Amino acid sequence: MTGYVMFRKDRLGRRGGGVILYIKESIQAYEIQLEKEAECEEAVWCNIVTGNSTLTVGLVYRSPNISMEENEKIHNAIKEVSKRDCIIMGDFNHGHIQWTSLQSTGREIEFLNLVQDSFLSQHVLEATRGENVLDIVLSSQKEFIDNVSHWGVVITTRYILSSK
């Protein structure tokens, strides 16, 4: 993709899958590795540097058939990254969370509690697949995200624009 730097993590052991994050070439960014207990199979993380500030950006795919171990790694990654300025996005496949009322049932309550305990804002309130909000955007500060458009997955962030 011309004008963008690609950060990717391919799915191992199976055909297809993985995640790709594109960041404009004009933005200084580099890939980072998280702690061992937070290394997710299908997630990529990078830091964006603007002036004296760093924003950690992550893209995660959480399979609906995820193992308990991999689910725990995703939770550990969110716990680690949420301690800094961050934007975390992706397909989390948590279809039973009601983001407007912050309610859920079953195992998904763990994820909702994690988001709330980490003081993250969730920006996608309209259904992204059927009647469910599966694709979400989390940020450590609500002001970081100006606009989220599911069609084409375009995110406009004030953090980068105001830090140039």
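Per-structure values
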| item | result |
| --- | --- |
| Cβ-derived FRET efficiency at R0 35 Å, Met1 paired with Thr100, nearest 0.05 | 0.55 |
| Rg/Rg_globular for the range 7-48, with Rg_globular taken as 2.2 N^0.38 Å and Rg from C-alpha atoms | 1.28 |
| Mean Cβ neighbour count within 10 Å, used as a protection proxy, ranking 110-119, 136-145 highest first | 136-145, 110-119 |
| Stokes-Einstein translational diffusion, the chain - Kirkwood Rh over all Cα pairs, 0.890 mPa s, 25 °C, in µm²/s | 151 µm²/s |
| Computed [θ] at 222 nm, helices only, for the chain once each DSSP H run of length n ≥ 4 contributes -39500 (n - 2.57) | -5000 deg cm²/dmol |
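No lab work stands behind these numbers, since they all come straight from the coordinates. Please read all numbers here as calculations on a predicted model, not as lab measurements. Note: ideal-geometry Cβ built from the backbone for every residue, glycine included; neighbour counts use all protein chains shown.
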